[in-house]
Amino acid sequence: MTSSTRRFSPWARMTRAQRENLNGHLLTAPTLLVILAIVIVPFLAVIVFAFADLRLVDIPYMNLGNIEWTLDNIIGAMESKAFWGALGTTIAYATLTTLGAIVCGLVIALAIRRPFRGRGVVRALLLVPYVLPVIAAATIWRTMLNPQYGLINAFGLEFLGWDRPIGFLNTSTYEVFGVSIPLTLLTVVAFEVWKTTPLTFLFITARLQSIPGDIEEAAALDGASSRKILTQIVGPQLRAVVLLLILLRFIWSFQSFNDIYLLTGGAGGTQVMAVKVYTELITRADIGSAASYGLLMSVILAVLLVFYVLLSRRKETL
């Protein structure tokens, strides 16, 4: 009985290659199911909601048979000044935070590149903003910038000659020497740069440590100045990692929500795309409109993702 079952079982009739293929499919199936559940299905739901006339109160009675399909959500978003305003704010925020974090991370990595006493402690302290929970970091900043009891306003009134407290987290524009600046937007940019600079510092430091020291020593013996060593030897070695950081940081900043919402709630000209999606969903209870904003946001990010894939393939071929 046992030999008959073994002879006619599907597993026994498979070749070795077929069994290996089946094992591979069985091993990867759980991962594919997780991706399907947490990525594919929610994204398909966003697409469906973006083309449906749907509000939160309709959810209990919704099914594919009674959905009213419409393009009004997409058309309304594209014709809305709020959409283009949020998109402009998001691009400005992502650009400034990306450049700020990379420049600060690069400067710090180069400044403490050489060994010195206490360098390990300095590196550990530099990582504090990154490991600090965002809710704790936002609370600290809100307290320090508070117009009534904040440390920054107290210092400005006492030593910098300010005639009144400044609302750093709710002032759209503020004049400095006759020039209007988006004060609250710059404040949340500074917070994001402070929070994410340690990550860029780690990336760049890792790349710096892989550069052979012999090349710089040989250049120094040949009479090359420190500026030439930095621009002609170290700089080219950092180009790939800096380009990668620019792309990744822009994508991460483009979809940033927690930092901005915890600091300003979207006030003071800081309503970026992610905050706008949240506002459409929670304040207006309009799932279709929120999904349309989210879908348009995903399309923009998809373009950046394609660029990242092309950049990665180019690196592999080099």
Original post:
Can residue 68 be described as in contact with a strand residue (DSSP E or B) (Cβ under 7 Å, 6 or more places away or on another chain) and open to solvent by 70 Å² or more (accessible area, probe 1.4 Å)?
Top reply: yes
Original post:
So residue 242 clears everything in (1) farther than 18 Å from residue 92 by Cα; (2) without any contact (Cβ under 8 Å) to a residue 24 or more places away in the chain except one condition, right? Which one?
Top reply: (2)
Original post:
Within the stretch 296-308, is even one residue surrounded by 14 or more Cβ atoms within 10 Å (Cβ to Cβ) and assigned to a loop (DSSP other than H, G, I, E, B)?
Top reply: no
Original post:
Inside the stretch 192-294, counting only helices (runs of 4 or more DSSP H) that do not spill past its ends, which hold 3 or more residues that are of a type outside the set (A, V, I, L, M), modelled with pLDDT of 85 or more and on the phi < 0 side of the Ramachandran plot?
Top reply: 235-254, 258-263, 273-282
Original post:
Are there any pairs, at least 6 apart or on different chains, whose C-beta atoms fall under 8 Å, with the first in the stretch 160-176 and part of a loop (DSSP other than H, G, I, E, B) and the second among the aromatic types (Phe, Trp, Tyr), and if so, which?
Top reply: 166/174
Original post:
Got a number for residues in the stretch 25-54 being loosely packed, with under 14 Cβ neighbours inside 10 Å and not in a helix (DSSP H, G or I)?
Top reply: 0
Subject >> Near pairs, Cβ below 6 angstrom, 6+ apart or cross-chain, from the stretch 210-236 (surrounded by fewer than 14 Cβ atoms within 10 Å (Cβ to Cβ)) to any residue that is assigned to a loop (DSSP other than H, G, I, E, B) >> reply: none
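Quick grid of which residues meet (1) open to solvent by less than 50 Å² (accessible area, probe 1.4 Å); (2) over 19 Å from residue 298 (Cβ atoms); (3) without any contact (Cβ under 8 Å) to a residue 24 or more places away in the chain:
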residue	(1), (2), (3)
80	yes, no, yes
87	yes, no, no
96	no, yes, no
100	yes, yes, no
104	no, yes, no
110	no, yes, no
114	no, yes, yes
120	no, yes, yes
Original post:
Quick one: would you say residue 76 is modelled with pLDDT of 90 or more and surrounded by 12 or more Cβ atoms within 10 Å (Cβ to Cβ)?
Top reply: no
Original post:
Which number in (1) in contact with a strand residue (DSSP E or B) (Cβ under 9 Å, 6 or more places away or on another chain); (2) within 30 Å of residue 310 (Cβ to Cβ); (3) surrounded by fewer than 17 Cβ atoms within 10 Å (Cβ to Cβ) marks the one condition that residue 257 misses?
Top reply: (1)
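The values are calculated or read from the model by the stated rules, or taken from the named source; none is laboratory data. Since the structure is predicted, the reported quantities are computational estimates derived from the model, not experimental observations. We place every Cβ from the backbone using ideal geometry, glycine too, and count neighbours over all the protein chains shown. In case anyone asks, the SASA skips ligands and DNA or RNA and just uses the protein heavy atoms, side chains included. Shrake-Rupley method; radii C 1.70, N 1.55, O 1.52, S 1.80 Å.
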